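Read the structure below first, then the notes.
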Amino acid sequence: MTEKIAACVEMYGVSKSFGEVRALDAVDFEAAKGEIHALLGENGAGKTTLMNILSGLYRMDEGQIAVEGREVDIHSPQDAIAVGVGMVHQHVELIGNFTALENILLGREGSRWKLDVEARRSSVEELAANYGLSIPLDEQVKTLPAGIQQKVEILKALYHGADILILDEPTTMLTPHEVDVLFTILKSFAKGGLTVIFITHKIQEVLDNCDRITVFRGGRKIDTILREEATRDRLVQMMMGERGMPPEGERPAGPSAARGGHPALSVRGVHTSAKWGVPLKNVSFDVPRGLIVGLAGISGNGQKELAEALAGLIELEEGEVHLGGEDVSGLSVSGRIAEGMSLLPQDRIEEGILPSLSLAENFVLGLHPHIFKRRGVFERETAHALGRKAIAEFNILARNEHVPAAHLSGGNIQKTIVARSVMLAHETGKTLMIANNPTRGLDVMAASFVHGCLRELRAQGAGVLFISEDLDELCLMSDCIVVIYTGEILGSFDGPEYDIYQIGALMAGQKQEEVS
Amino acid sequence: MAAPASLSDRKKMALEFAITYAAAGALALACGAVFIVAFGGDVLVALGTVLRSSLGTWGGFAQTLNKFCPLLLASLAVAFGMRGGHFNIGVDGQIYAGAIGMTGTAFALEGMNLPWPIFVPLGLLGGILGGWFWGFIPGILRVRFQVSEIFVTVMLNFVALYLVDYLANGPWNDPLAGEAISLPIPDASVLPQVMPRAGAHAGFIIALAAAVGMYFFMTRTVVGYEVRAVGDNPRAARFGGINVARITLIIMPTCGALSGLAGAIEVSGFHQSLLLGISGAEGAPNYGAMAILIAVIGRNNPLGVTIAAAVFAVLVSGSDSLQRSIGLPGAAVFVFQAIIVLTVVFVQARREIKAG
């Protein structure tokens, strides 16, 4: 394989712009039959864009694509399927109310007028057996765990004739054990002659699992190298270029660093109703001052509901929430903000910004009952001064504080809401910061900046509840970790050293006693 | 210093704005010209007639001012709701409710011999309260039961309309008039004229004051900021500690109060009785429908809405003369209004697509 690589997919001079942003700049790429090929790069480096072009989701502005030596025109996902390209996206795109079988057959149910799912069952079963994918075909997809849903997507791609399988960040929703299972399957695919391309920003996954690595940075391909030539340092250097890796930051100290007095947050026996989403069941834990407590869990296990219940957005059915010793269970959101709570919402677009209002007006949100001297008056100079300060201190790329927030890039919007919640914490006495997936979608530098802000709050004596779906990030940041599963806290771990397989087992629903 | 940068930003935005509207205006004129020619009219004559009859004579100008007042207040009511994220299509009902409030107050206080400087404000306040209540109903239904204000406001339009019908035919009916119209309101409750010979009442001054008031409310008060925040992204506003229910219960009744004031002024300044057809001139679309168009063209901004309302007032007041002078149906003006709206929307959308 090192001698001569028979290219199966070749892409030449591919360029793509979105508005003024050049997402891909004359990229060449090729992947061979029977290999696992990793595309490595930061968020926004262009790797997903390139694969979206290959799978027909985007059209390239310039460039050529050849599959097995023949030039092809890919204008739609149907064209891509026709030449054997199948993509499994980062977020599962199955229909929740359909069974696994119905999802796999979607688009190939029978002739145009006749729905004929059952007749094709045996062919699906056979394919699944051939590839070693065991899937409960008759279960509704929404009832299946994320790892199984992903297998359904993979089987769907294979059933539609894919022999070039692209997976976009396939491990983000999985527990460590499920990740191992996934790569075992992918390796057997490659042995069987498929081309597997997987997109990731995690260096360790690349080193553990692939044959060749193509690194992207800022819309350009840096290089393609063999696994044997790759070291962690070399990959970091290729990914980050001159900037290098951001400093790691202070490691967590573990629970012994907790400061005395009332904990920043104390949750006791909290239950919530199912009408708000995943119901919380008897949730109790503390966030002491001076610590970062990580909340681990696979997405959709009640993290969002917990954050909202703590913030006062969801009413409690039972239980109490205390902030710095004060019972705030009956207070509104603004009442809790006044008591020192600051929430960094998960979805920066839907929950974070006021898109057509100016940056200054965005920074003021939440602070607005506290910072104006004359009651009821919106003092524009105060707001503008705050905006200028935030833009400077948090390095936000914006022309000035009058720009509408929607004009900023995703990373700068995230910085804006981080800046706002940090300023809010300072203004209200720094009791508790709830950070819900604060680095999702950020590049390494921006993520490191957010981490720095949270560590600084910890050093100043605030308690931080850090919610993330990325277990590596949680381990790096947290003094201790609690695990949530279907709205229940299943256990907790003291840092700073963690066994990710034990945490992963709890994330998958095993009780702590069964694990240890 | 960020000031110079922001100044040039604003200049740029103002320029963009001007270009959008100049383009839309030119396109609308071109479409309107085609239309007039198709009806066998002369474009320049038609245009000249409209302008002369609405601005060129004192009487015409007074009529334009009298139309401008309800159009501006009704459009502010729509714009205020839009800024807060609510689509208020109940302006007509709120105008009727305001008219009822005004008339009822005038009749109730009739025997007290109040001087006009007290009586008129009290009457207008009655109208404002009537409209306020008509806006409070959809507001509270929205907050308590998540009922869409669109349905409620549309339904309340009918309720208000038939309430006026009942009052004008029944308890308040003027038996001498022989039609559905109430007894005249007392003289002391009639809004004074500012151009007595030409016939313009003081309503336009009140309406302009309301526009200025809305501007300051939106930009200089914390509640105004909260209204804009809720209108822009209610979820983010909630995460930021804003009580969205409370703000909704400010927005909808305020819309109602603005429309109610329009209805009160129509009674107190113009008709001096309660009658059907208070919301809108005969043969014309009613104020509620035009207000939505004006708010769209004025981008829900008090200054923009004021300018757009002025243009519409000129067109509405010029529409009668079109028929008299060149035999074009008066409704042609409303076709022209619709064309302006469509072109503005079209030009805006194109610019936004281009900007990405």
Next on the checklist: For the structure I just gave you, tell me whether A:Thr486 is more than 27 Å from A:Val278 (Cα to Cα) and at pLDDT below 95.
Outcome noted: no
Checklist outcome for this item: In the stretch B:29-55, anything closer than 29 Å to B:Ala200 by Cβ and open to solvent by 60 Å² or more (accessible area, probe 1.4 Å) is listed as B:Leu29, B:Leu44, B:Val45, B:Leu47, B:Leu51, B:Arg52, B:Leu55
Checklist entry - Out of the stretch A:371-390, which residues are among the acidic types (Asp, Glu) and in a loop (DSSP other than H, G, I, E, B)? => result A:Glu379
Checklist entry - How many of the residues making up the stretch A:291-308 are open to solvent by 10 Å² or more (accessible area, probe 1.4 Å) and part of a loop (DSSP other than H, G, I, E, B)? => result 4
Next on the checklist: Filter the stretch A:311-357 down to the residues that are small (Gly, Ala, Ser), touching a residue at least 60 places away in the same chain (Cβ under 8 Å) and touching a strand residue (DSSP E or B) at 6+ places or on another chain (Cβ under 9 Å) and list them by number.
Outcome noted: A:Ala311, A:Gly324, A:Gly325, A:Gly340, A:Ser342, A:Gly352
Checklist entry - Got a sec? Which of B:Leu191, B:Leu249, B:Leu167, B:Leu163 is assigned to a loop (DSSP other than H, G, I, E, B) and either in contact with a strand residue (DSSP E or B) (Cβ under 9 Å, 6 or more places away or on another chain) or in contact (Cβ under 8 Å) with a residue 24 or more places away in the chain (or both)? => result B:Leu191
Next on the checklist: For A:Pro255, only one of the following conditions fails: (1) within 20 Å of the chain's Cα centre (by Cα); (2) surrounded by 15 or more Cβ atoms within 10 Å (Cβ to Cβ). What is its number?
Outcome noted: (1)
Checklist entry - Taking into account only those residues within the stretch B:91-110 that are touching a Pro at 6+ places or on another chain (Cβ under 9 Å) and more than 17 Å from B:Ala262 (Cβ to Cβ), which is modelled with the lowest pLDDT? => result B:Glu110
Item to check | Residue list for the stretch B:132-189, restricted to those being open to solvent by less than 70 Å² (accessible area, probe 1.4 Å) and among the polar types (S, T, N, Q) | outcome: B:Ser148, B:Thr153, B:Asn157, B:Asn173, B:Ser182, B:Ser189
Item to check | Hey, A:Val181 under 28 Å from A:Ala505 (Cβ atoms), open to solvent by 10 Å² or more (accessible area, probe 1.4 Å) and in contact (Cβ under 8 Å) with a residue 12 or more places away in the chain or not | outcome: yes
Checklist outcome for this item: Quick count over the stretch A:333-345, residues being outside any strand (DSSP E or B), open to solvent by less than 40 Å² (accessible area, probe 1.4 Å) and more than 7 Å from chain B (Cβ to nearest Cβ), is 3
Checklist outcome for this item: By residue number, the members of the stretch A:441-464 that are surrounded by 18 or more Cβ atoms within 10 Å (Cβ to Cβ), under 18 Å from A:Gly352 (Cα atoms) and out of contact with any Phe, Trp or Tyr (no Cβ under 9 Å at 6 or more places or on another chain) are A:Ala446, A:Ala447, A:Val450
Checklist entry - Given the conditions (1) within 14 Å of another protein chain (Cβ to nearest Cβ); (2) at pLDDT 90 or above, and given that B:Ala5 satisfies all but one, which numbered condition is not satisfied? => result (2)
Item to check | Checking A:Ser448 against (1) closer than 26 Å to A:Gly44 by Cβ; (2) within 13 Å of chain B (Cβ to nearest Cβ); (3) of a type outside the set (A, V, I, L, M); (4) not in a loop (DSSP other than H, G, I, E, B), the condition it does not meet | outcome: (2)
Item to check | In the stretch B:264-290, the residues that are at pLDDT 90 or above and either open to solvent by 40 Å² or more (accessible area, probe 1.4 Å) or more than 29 Å from B:Ala177 (Cβ to Cβ) (or both) | outcome: B:Phe270, B:His271, B:Gln272
Checklist entry - Could you say whether any residue in the stretch A:40-60 is on the phi > 0 side of the Ramachandran plot, assigned to a strand (DSSP E or B) and either more than 14 Å from chain B (Cβ to nearest Cβ) or at pLDDT 90 or above (or both)? => result no
Checklist outcome for this item: Filtering the stretch A:364-402 down to residues that are among the aliphatic types (A, V, I, L, M) and more than 8 Å from chain B (Cβ to nearest Cβ) yields A:Leu367, A:Ile371, A:Ala383, A:Ala385, A:Leu386, A:Ala390, A:Ile391, A:Ala392, A:Ile396, A:Leu397, A:Ala398
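From the list B:Ile247, B:Ile251, pick out the single residue that is under 23 Å from B:Gly85 (Cβ atoms), within 14 Å of chain A (Cβ to nearest Cβ), at pLDDT 95 or above and open to solvent by less than 20 Å² (accessible area, probe 1.4 Å).
When all the criteria are applied, what remains is B:Ile247.
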Checklist outcome for this item: A careful count of residues in the stretch B:202-240 that are farther than 19 Å from B:Ile294 by Cα, crowded, with 21+ Cβ neighbours inside 10 Å and more than 14 Å from chain A (Cβ to nearest Cβ) gives 0
Checklist entry - Do we have B:Ile326 as over 26 Å from B:Ile181 (Cβ atoms) and open to solvent by 20 Å² or more (accessible area, probe 1.4 Å) here? => result yes
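Determine whether the stretch A:426-446 contains at least one residue that is closer than 26 Å to B:Phe217 by Cβ, in contact with a strand residue (DSSP E or B) (Cβ under 7 Å, 6 or more places away or on another chain) and of a type outside the set (Val, Ile, Thr).
no
The values are calculated or read from the model by the stated rules, or taken from the named source; none is laboratory data. Not measured: the values here are computed from a predicted model. Cβ coordinates were reconstructed from backbone atoms using ideal geometry, including for glycine residues, and neighbour counts include every protein chain displayed. The accessibility values were calculated without ligands, DNA or RNA, using every heavy atom of the protein model including side chains. Shrake-Rupley method; radii C 1.70, N 1.55, O 1.52, S 1.80 Å.
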